[in-house]
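Visitor: Quick one: structure below, then a few questions.
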């Protein structure tokens, strides 16, 4: 059902093929040869579609779906409508992601260097790259094999971009060393000076910002994000971290592996996020803090102290989530009319 | 008084003409033939200016103004200084807007296709368009009659832009179908992938984002806004909705007609705003919620539950405004020294 | 130690030269002729480096450093390791900033007008400017001597840019008069219409925005900031004010001299910040307020009333900082489990 003007679907696949692609098992009694043409949500799917059930809340929709096949957990598989093929897995949403990728692979255009791109003669562009119209690439830049630089992106001198990266339109990147499979969405600004200066009534005095931005493999950086380079140490975005739109990362911040940072968060200078930290949208973290591994901070929180690994916090100043809701409940009781 | 380098004023108009343009009535005793040359605020206006009184707080300035004419409500008209012409209306600010538009019409440049624009041969540009320097337009794009694409904007393949739209400089638009009279301010990014993935410690798995962004007629989208396309369903911005700068709209969000979304708000995925909702600045709305028709959420609020039509909320988690201020008043009393 | 691909170091300098450059005194017993090659933090410095001690928290690192020279306050100078040269000053961080600037001067490239820039024939570019690839400069624009416009920036008709300014890549500037030594970071949007309209259920009615943006000398505007032009009055950013990334400035806002506005703040229309105001990150200020000289607002606050000069506020609605923390302490006590 996706709009064919924007999305090109791959060929139909058998249920067995889909299970194999996703590393999942075929449910008992499933017709392994049934051909599936596309993905669709439970309530819109027909016999030619594969759907999925991740949230038990939708079990009724699952029981009623007309989907030809469905990705489902073992516990739910028994509720499958008669005749539906099942693909059984412990993580239906992840399995669905892999199946959807098989129908809609994230392909890059054919290799191509636009006549209207401005590439410095001392830049090095590996084979298989797409360099689009209006792109400006400075001296000494290296772009790895198969990477795609979208229109009007500006890549400053000596920036290194790895293999199979996709750099969005109208991005600006300087002072950055980037790994492979990194994706930067449109309008992001990476590598500009951090906000470092000595306050002085006769005019603030700039402190030269002498670090870089290091972006490890498989990072995703959302549209309009701003990531300042370090002041001496580097700013580091760890492998596999995903960042939503309009996130601000201050200088010298170190972000670990696999973090998830929702839209409009701001992380102040020199703060460390250990691996697998999750920040809800619009959260702010003060500078020079350490947020422990796997900590989860609810949206709109303001973190003023270190957070222990695995802790869940909320509020401003942020506190354990239960404590935050006790505050609210207390105030509701205390101010209840008569 | 506007700087003539930036603003070109139309010819002088009589008070009668102005009343007619705005669909308002001439006040009794007004000299309908008096010529007015420009708009000006009450305290700076002279006999050649038309001003307006909307907020009763400024009634003294109204009584003392030297403006040749003034737009005013019936109740206030009797306070008009001797000899001033009045244009009487129920909505002075709206009438002022129409009068100011008559002096400073929002005209587009002459039709023009810049030699330095990169337009794919398979794109279709209707007559009367301005396509500026550095613009990149992909295959299959349709731009409607009289639209203006400002410099270095990037329009992805198969995007449809209606008539009389103005697309700001350095914007990036993909996977989008846009109506007529839409205005996108500079630097906005529209149509990129939503933030959809299955979290996995071995590397988050991307869920293909297979929807579009639908922008209805007469929408305004502020500078630096980010609007993600849907994941399967579409992201929809309803007719006549106005969005200030740096607003983030997640995938699958549906926004109704005539909403007002102030700067730096974030709306999480799959949330619905019914018609005429107003969000104050820096407000965040969690995902999968429904905000009822005409609801008003104060600035900096965090909405975690559905909001009923017409309700006014504030705080985090958001609550009825009166309740929010009761919480604050209670704490002020409880912590008062001595 | 900075990466020589990105940072070019100036020649070695004697300790006496460094003291003179920064207007500071040489500590007693210091070897004034010792040659210093670079800056480095206390824990990484060797005999060829100059470091600094600003925060007494690092006094142990100071006592143990191997730095050849160190910038330090008089009180701390006596703790200097044997044989180290000292540069003694009341403001070590500012002195360090000046010394670091001497090693890493903020030099602009050689004057250069890119063939791929689009400069209107009626624009005026002074001598010594750098106009980079993809830049679009409208009719009547004036760019002062020695200014640098980075790639793909878009400068609208009749904008005035002073001397020695640096305008970042992919910025968009219109309706603006800018002084000297201004720096605009990448992706900022300046001068677009403010968010002004009369709300109307049949379609909001735009109020023409007839003012400008006035940017005084030595202002810094962070990446992705949005600054709307005035509606009639101007929007003004005062001399020497520094703004971090993703800040939103509404129409008619007046910001005084030397203010510091941290990332993701939003200032609503017609609000005045007097000189030397400091706003922490993600703070919002309602419209039509006056924030007094030297006031300091903590991060994530929401200011709903005028703030007196010198006051320190926090919270939403913002209140004196001590009061804010009394609220939190009270709630923690009141909800403490038995």
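Visitor: Hey, can you tell me all the residues within the stretch A:72-97 that are within 16 Å of residue A:29 (Cβ to Cβ), in contact with a helix residue (DSSP H, G or I) (Cβ under 8 Å, 6 or more places away or on another chain) and free of Cβ contacts under 8 Å to residues at least 60 places away in the same chain?
Guide: Listed by number, the residues that qualify are A:72, A:76, A:79, A:80, A:81.
Visitor: Can you tell me which residue is farthest from the chain's Cα centre (by Cα) among those in the stretch C:309-331 that are surrounded by 13 or more Cβ atoms within 10 Å (Cβ to Cβ) and away from chain B (no Cβ under 12 Å)?
Guide: Of everything passing the filter in the stretch C:309-331, C:321 is farthest from the chain's Cα centre (by Cα).
Visitor: Name the residues in the stretch A:166-183 that are in a loop (DSSP other than H, G, I, E, B) and more than 13 Å from residue A:226 (Cβ to Cβ), would you?
Guide: Result: A:168, A:169, A:170, A:175, A:179, A:180, A:181, A:182.
Visitor: Before we move on, is residue A:233 without any contact (Cβ under 8 Å) to a residue 60 or more places away in the chain, more than 7 Å from every other protein chain (Cβ to nearest Cβ) and in a loop (DSSP other than H, G, I, E, B)?
Guide: Against the criterion (without any contact (Cβ under 8 Å) to a residue 60 or more places away in the chain, more than 7 Å from every other protein chain (Cβ to nearest Cβ) and in a loop (DSSP other than H, G, I, E, B)), residue A:233 qualifies.
Visitor: Turning to a different aspect of this structure: State whether one or more residues within the stretch C:269-285 are facing chain B (nearest Cβ under 10 Å), crowded, with 24+ Cβ neighbours inside 10 Å and closer than 22 Å to residue B:188 by Cβ.
Guide: Yes, the conditions are met somewhere in the stretch C:269-285.
Visitor: Just for the stretch B:145-160: of the residues that are within 10 Å of residue B:131 (Cβ to Cβ) and in a strand (DSSP E or B), which one is nearest to the other protein chains (Cβ to nearest Cβ)?
Guide: Once the filter is applied, the top-ranked residue is B:155.
Visitor: Now for a different question. Every residue in the stretch B:250-264 that is within 12 Å of residue B:222 (Cα to Cα) and within 9 Å of another protein chain (Cβ to nearest Cβ), please.
Guide: If the condition is that a residue be within 12 Å of residue B:222 (Cα to Cα) and within 9 Å of another protein chain (Cβ to nearest Cβ), then B:260, B:262, B:263, B:264 are the ones that fit.
Visitor: I've got another one for you. If I filter the stretch B:13-26 down to residues being in a loop (DSSP other than H, G, I, E, B) and closer than 14 Å to residue B:100 by Cβ, which single residue comes out as nearest to the other protein chains (Cβ to nearest Cβ)?
Guide: Filtering first and then ranking leaves B:22.
Visitor: What are the residues in the stretch A:120-144 that are closer than 19 Å to residue B:133 by Cβ and assigned to a strand (DSSP E or B), if any?
Guide: Matches in the stretch A:120-144: A:136 only.
Visitor: Then there is this: Select from the stretch B:14-26 the residues that are more than 28 Å from the chain's Cα centre (by Cα) and touching a residue at least 60 places away in the same chain (Cβ under 8 Å) and write down the one among them that is surrounded by the most Cβ atoms within 10 Å (Cβ to Cβ).
Guide: Residue satisfying both the conditions and the ranking: B:15.
Visitor: Let me ask something additional. Pairs needed: first member in the stretch A:104-129, within 13 Å of another protein chain (Cβ to nearest Cβ); second member anywhere, modelled with pLDDT under 95 and surrounded by 15 or more Cβ atoms within 10 Å (Cβ to Cβ); C-beta distance under 8 Å; at least 6 residues apart or different chains.
Guide: Listed pairs, sorted by first residue: A:104/A:2; A:118/C:116.
Visitor: A further question on this structure: Just one of (1) surrounded by fewer than 22 Cβ atoms within 10 Å (Cβ to Cβ); (2) over 27 Å from residue A:210 (Cβ atoms); (3) more than 10 Å from chain B (Cβ to nearest Cβ) trips up residue C:163, so point out which.
Guide: All conditions pass for residue C:163, except number (2).
Visitor: Continuing with this model, one more query. Got at least one residue in the stretch B:287-298 being at the interface with chain A (Cβ under 10 Å from one of its Cβ atoms) and surrounded by 24 or more Cβ atoms within 10 Å (Cβ to Cβ)?
Guide: no
Visitor: Here's another thing I want to ask about it. If I ask for residues that are in contact (Cβ under 8 Å) with a residue 40 or more places away in the chain and facing another protein chain (nearest Cβ under 8 Å), which ones from the stretch B:179-192 would you list?
Guide: B:185
Visitor: Moving on to the next point. Checking residue C:170 against (1) in contact with a strand residue (DSSP E or B) (Cβ under 6 Å, 6 or more places away or on another chain); (2) surrounded by fewer than 23 Cβ atoms within 10 Å (Cβ to Cβ); (3) within 14 Å of chain A (Cβ to nearest Cβ), which single condition isn't satisfied?
Guide: (2)
Visitor: Let me ask something else. Looking only at residues that are more than 14 Å from chain A (Cβ to nearest Cβ) and part of a strand (DSSP E or B) in the stretch C:27-62, which one is surrounded by the most Cβ atoms within 10 Å (Cβ to Cβ)?
Guide: C:36
Visitor: Among the residues of the stretch B:205-230 satisfying the criterion of being under 16 Å from the mean Cα position of the chain (by Cα) and not in a loop (DSSP other than H, G, I, E, B), which is farthest from the other protein chains (Cβ to nearest Cβ)?
Guide: Among them, the one singled out is B:215.
The values are calculated or read from the model by the stated rules, or taken from the named source; none is laboratory data. Everything numeric in this text was worked out from a predicted model, so none of it was measured. With ideal geometry, Cβ positions are generated from the backbone for all residues, glycine too; neighbour counts draw on all protein chains shown.
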